[in-house]
Amino acid sequence: MNYPTIQLYIDGHWRSAAGAPIINPADETVIGTVPHATKADLDDALAAAERGFATWRKTAPAARMQIIMRAAALIRTRVEDMAVAMTLEQGKPLEQARLEILRGCDIIEWDASEGMRQYGRIIPAGPGLQHMVHRQPIGPVAAFSPWNFPMSAPARKVAGALSSGCSIILKASEETPAGAMQLVRAFHDAGLPPGVLNLVFGNPSEISAYLVPHPTIRLITFTGSVPVGKHLAALAGQHMKPAIMELGGHGPVIVCEDVDPVDVARQSVTTKSRNAGQVCVAPTRFFVHETHFEKFAATFAERAAQLKSGDGMDPTTQLGPLANIRRIEAMDRLVSDATARGARLLAGGSRIGNRGYFYPITVLADAPDDALAMNEEPFGPLALINPVRDLDEAIERANALPFGLAAYAFTHSADNVNRMTGNLDAGNLSINHFVASVAETPFGGIKDSGYGREGGTEGLACYTVAKNVSHKFG
Ligand code: NAD
């Protein structure tokens, strides 16, 4: 088994510590131990981040870019080893782990180049006066990344911070630590100066309670659940720290009358199976025009039932295990509640076997609006399919929840697109495809799904502050 020894990384050095077991979700065996940082480790990381920031902010953007690019190039040579470790700890099929790493590299490389273009501007102000806006790195960042994307989620935060001239303390997921550790190792090997990037694990609430209020930290970035996000945003607010909050979603998919329901249903199943639905932008609530509803639901269920579930290390696996037992419990709770309220179960519906956290794609039709699954983010392989009379009804139902992350629509009508662009509550809307974001586009939510953006120029702007220098002369 090719699972690395997990260590902390502080001030340019690797540290071992006692910690907790790491479980392979495919067979529930222990594959390693995640070290837990002590308060002394955190103090060292904070002091290192302070020193690292002093060095890094004064490093020329071109020199920063070269080191970051070198790290990405190293990762591209290590995809295979990294992917194996990520499949072992998180469960996703190996091919999806490879694609996640390559996507992480795309993000790192795009941010690295964009870091060269943190332009300010000069505002004309009449004779003898000039206003100059400088974009400056905000300072040491505390980042909290989740277990569903062990490499690309931390990569977004590390790339954003480093490309903007900030230092960072990354607290990555304790359940899937190898993705983050191998990411950090590439930066170490690429020659990143000590202290610029630090990696810790431990008790998440204790670490955030210590780092967020600490005066060294100038920005918080978190990806995870809405309740934890609200807690951290409140803590950041008490200490006047800006925050980037990438929280949950409940992706609506609007299927209009003018598309082929069979084709859209097939694409939907493929997307739903990605990471076994444990994706904040997963398509979940399907609002299908009533003329296509039965055909769409039947195709979706048939296709879902054909997917091969199994260990992600098996190249024929299409649907890996869920990442932890909490997701199995959540699926069971949501499915039994929905069926008790009258939803029709068209596929899946219960755990597969009792060793490994396997759960099939589960399709529910006609789930009433008060079913828990129609309101709580399932964060698992659950699809809810409902008919709608027209686009107005679809938009109204899509907007009914407090979430507003990714939304999808299938239509060839420019008028429909225009109406959805104006009226759908979402940070990201994709029409006729299921890619919610790429490196160069801003990604993030509205309403309870959070604020701030990752990706694109908007994402990098979050890691900077605008300083206006008003200069009188002559
Ligand atoms: P959870 O709410 O306990 O934890 C969510 C994440 O926050 C985890 O990574 C955890 O380590 C971290 N966390 C928890 N308390 C924290 C604290 N006080 N300070 C800092 N970090 C803290 O739930 P969970 O069972 O791990 O995940 C389930 C839910 O989380 C899902 O239903 C989903 O809504 C959400 N989630 C969202 C994303 C995303 O990409 N937006 C990713 C992972 C999980």
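The values are calculated or read from the model by the stated rules, or taken from the named source; none is laboratory data. Since the model is a prediction, treat every value here as computed from it, not as a measurement. As a convention, Cβ positions derive from the backbone with ideal geometry for all residues, glycine included, and neighbour counts pool all protein chains shown. For accessibility, only protein heavy atoms count, side chains too; no ligands or nucleic acids. Shrake-Rupley method; radii C 1.70, N 1.55, O 1.52, S 1.80 Å.
Could you work out how far apart the two model spin labels at Asp81 and Ala400 are, taking each label as a point 7 Å from the Cα in the direction of the beta carbon, and quote it in nm?
5.1 nm
Greater than 18 Å separation of Cα atoms is the criterion. Which listed pairs, Lys39/Lys171; Lys58/Lys467; Lys230/Lys447; Lys39/Lys157, meet it?
Lys39/Lys157
What are the principal axis extents of the Cα atoms in the range 251-438, in Å, biggest first?
50, 36, 29
Return the percentage of antiparallel bridges among DSSP beta bridges fully within the range 251-438, rounded to the nearest 5 %.
Beta bridges within the range 251-438, antiparallel portion: roughly 15 percent.
Arrange the peptides 40-48, 121-129, 10-18 so that the one whose residues have, on average, the most other Cβ atoms within 10 Å appears first.
Final packing ranking: 40-48, 10-18, 121-129.
Straight-line reach from Lys308: which aspartates and glutamates fall under 15 Å, measuring Cα to Cα and dropping same-chain residues less than 8 apart?
Within the straight-line limit of under 15 Å, Lys308 reaches these aspartates and glutamates: Glu95.
Expressed in nm to one decimal, what extension gain is obtained for the pair Thr291 and Ala40 from 0.36 nm per residue of sequence separation less their Cα-Cα distance?
Computed gain between Thr291 and Ala40 is 84.0 nm.
Checking a compactness column here: for the range 297-404, what do you get for Rg(Cα) / (2.2 N^0.38 Å), N being the number of residues?
Normalised Cα radius of gyration, the range 297-404: 1.13.
Could you tell me the distance between the Cα centroids of the range 279-310 and the range 331-348, to the nearest Å?
15 Å
Quick check on the range 100-214: what are the equivalent-ellipsoid semi-axes from the Cα gyration tensor, as sqrt(5λ), descending, whole Å?
The answer is 32, 17, 12 Å, longest axis first.
Can you tell me the dipole magnitude for the range 1-61 around its Cα centre, using point charges on the Cβ only (Lys, Arg +1; Asp, Glu -1), in Debye to the nearest 20?
The calculated dipole for the range 1-61 is roughly 340 debye.
Which far-off residues, 5 or more places away or on another chain, put their amide H under 5 Å from the one on Leu382, with H placed in the peptide plane?
Thr362
Rounded to the nearest 20 debye, what is the charge dipole size of the range 46-130 about its Cα centre when +1 sits on each Lys and Arg Cβ and -1 on each Asp and Glu Cβ?
I would put it at about 440 debye.
For the range 325-333, what does the Karplus curve 6.51 cos²θ - 1.76 cosθ + 1.60, with θ = phi - 60°, yield as ³J(HN,Hα) per residue in whole Hz, taken in order and with x for Gly and Pro?
Calculated HN-Hα couplings, in order: 5, 4, 6, 4, 4, 5, 4, 4, 5 Hz.
Nearest 10 degrees is fine. How inclined is helix 414-423 to the longest principal axis of the chain, computing both from alpha carbons?
60 degrees
Applying the Karplus parametrisation 6.51 cos²θ - 1.76 cosθ + 1.60 with θ = phi - 60° to the phi angles of the range 36-45, what ³J(HN,Hα) value in whole Hz is obtained for each residue in order, glycine and proline being reported as x?
So the Karplus estimates, Gly and Pro as x, are 9, 6, 8, 4, 5, 4, 5, 4, 5, 5 Hz.
Along the Cα-to-Cβ line of Leu345, 7 Å from the Cα, sits a label point; which residues in the range 300-318 have backbone N less than 20 Å from it?
300-310
Assuming R0 = 56 Å, can you tell me the calculated FRET efficiency for the pair Arg389 and Met240, based on Cβ-Cβ distance, to the nearest 0.05?
0.70
If you roll a 1.4 Å probe over the range 251-438 with all protein chains in place, what percent of the accessible area is carbon or sulfur?
The C+S portion of the solvent-accessible surface of the range 251-438 is 49 percent.
Which residues among the range 120-154 fall inside the zone where the amide N is under 17 Å from a point 7 Å beyond the Cα of His231, along Cα→Cβ?
In the range 120-154, the label zone of His231 (backbone N under 17 Å from the point 7 Å along Cα→Cβ) covers 143-147.
Where does helix 152-163 land angle-wise versus the long Cα axis of the chain, in degrees 0 to 90, nearest 10?
That helix lies at roughly 30 degrees to the long axis.
What is the magnitude of the charge dipole of the chain about its Cα centre, with +1 placed on the Cβ of each Lys and Arg, -1 on the Cβ of each Asp and Glu, and no other charges, expressed in debye to the nearest 20?
Roughly 1600 debye for the chain.
Taking the mean number of other Cβ atoms within 10 Å as a proxy for protection, how do you rank 268-278, 145-155 from highest to lowest?
So the order, starting with the most tightly packed, is 145-155, 268-278.
Would you mind computing, in nm to one decimal, how far apart the modelled labels at Leu372 and Asp27 are, each placed 7 Å from Cα along Cα→Cβ?
In this crude label model, Leu372 to Asp27 measures out at 3.3 nm.
Using alpha carbons only, how many degrees (0 to 90, rounded to 10) separate the axis of helix 61-77 from the longest principal axis of the chain?
40 degrees
Taking the simple approach of a point 7 Å from Cα along Cα-to-Cβ for both Ser470 and Thr457, what is their distance in nm?
Here the answer is 2.6 nm between the modelled labels.
Could you give the accessible area per residue of the chain, probe 1.4 Å, as a whole number in Å²?
Ligands and nucleic acids excluded, the figure is 38 Å² per residue.
May I ask you to give the average projected area over all directions of the convex hull of the Cα atoms of the chain, in nm² rounded to one decimal?
Here the figure is 23.5 nm², rounded to one decimal.
Cα centroids of the range 145-217 and the range 399-474: how far apart, whole angstrom?
Spelled out, the Cα-based centre of one part sits 24 Å from the other.
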